[in-house]
Amino acid sequence: MQITDLRIRKLFEESPMKAIISATFDNQLVVHDIKVICARERYFVVMPSKRVGDDGYRDVAHPITYDFRKYVEITIMAAYWQAVEAAKNDPDLYSQLYEGSKAETDGAANPDP
């Protein structure tokens, strides 16, 4: 199974959550709400989850094997860093992707990247 499309939905600067991403697998399955988190100066990928009572959260979807998990993490992190670099160099892209940007606070539509 291969990631055939990655979409950076939103980037965050001032939060431990750095990005929300959607990944398409083999052009047949989309997984939304994959997150890039930074905690203790370490970046990692968190799969989508739902709240389960007062006990915490449970993954909605996740890789089963170590090798596939590594592939997903490496691919998503590469796309994240590319988006961060691209947004630094393009004010329009920055305003489309970053939470709290001028385009968002002005009420402008946030186009799907």
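The values are calculated or read from the model by the stated rules, or taken from the named source; none is laboratory data. In this text, all values refer to a predicted model and were calculated from it rather than measured experimentally. Please note: Cβ atoms are built from the backbone with ideal geometry, for glycine as well, and neighbour counts cover all protein chains shown.
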message = If I filter segment 19-29 for residues that are in contact with a Pro (Cβ under 6 Å, 6 or more places away or on another chain), at pLDDT 90 or above and part of a strand (DSSP E or B), do I get at least one hit?
response = no
remark   = Scanning segment 73-82 residue by residue, the ones that are out of contact with any Phe, Trp or Tyr (no Cβ under 9 Å at 6 or more places or on another chain) and either surrounded by 15 or more Cβ atoms within 10 Å (Cβ to Cβ) or in contact (Cβ under 8 Å) with a residue 24 or more places away in the chain (or both) total 3
ask   = Hey, among Arg51, Arg69, which residue is charged (D, E, K, R), more than 14 Å from the chain's Cα centre (by Cα) and part of a strand (DSSP E or B)?
value = Arg51
ask   = Is it the case that Val84 is in contact with a Lys or Arg (Cβ under 9 Å, 6 or more places away or on another chain) and not small (Gly, Ala, Ser)?
value = yes
inquiry  = Can you confirm whether Ile76 is modelled with pLDDT of 95 or more, assigned to a strand (DSSP E or B) and among the hydrophobic types (A, V, I, L, M, F, W, C)?
reply    = no
task = Filter segment 48-72 down to residues that are of a type in the set (D, E, K, R) and surrounded by 14 or more Cβ atoms within 10 Å (Cβ to Cβ), then give me how many there are.
result = 1
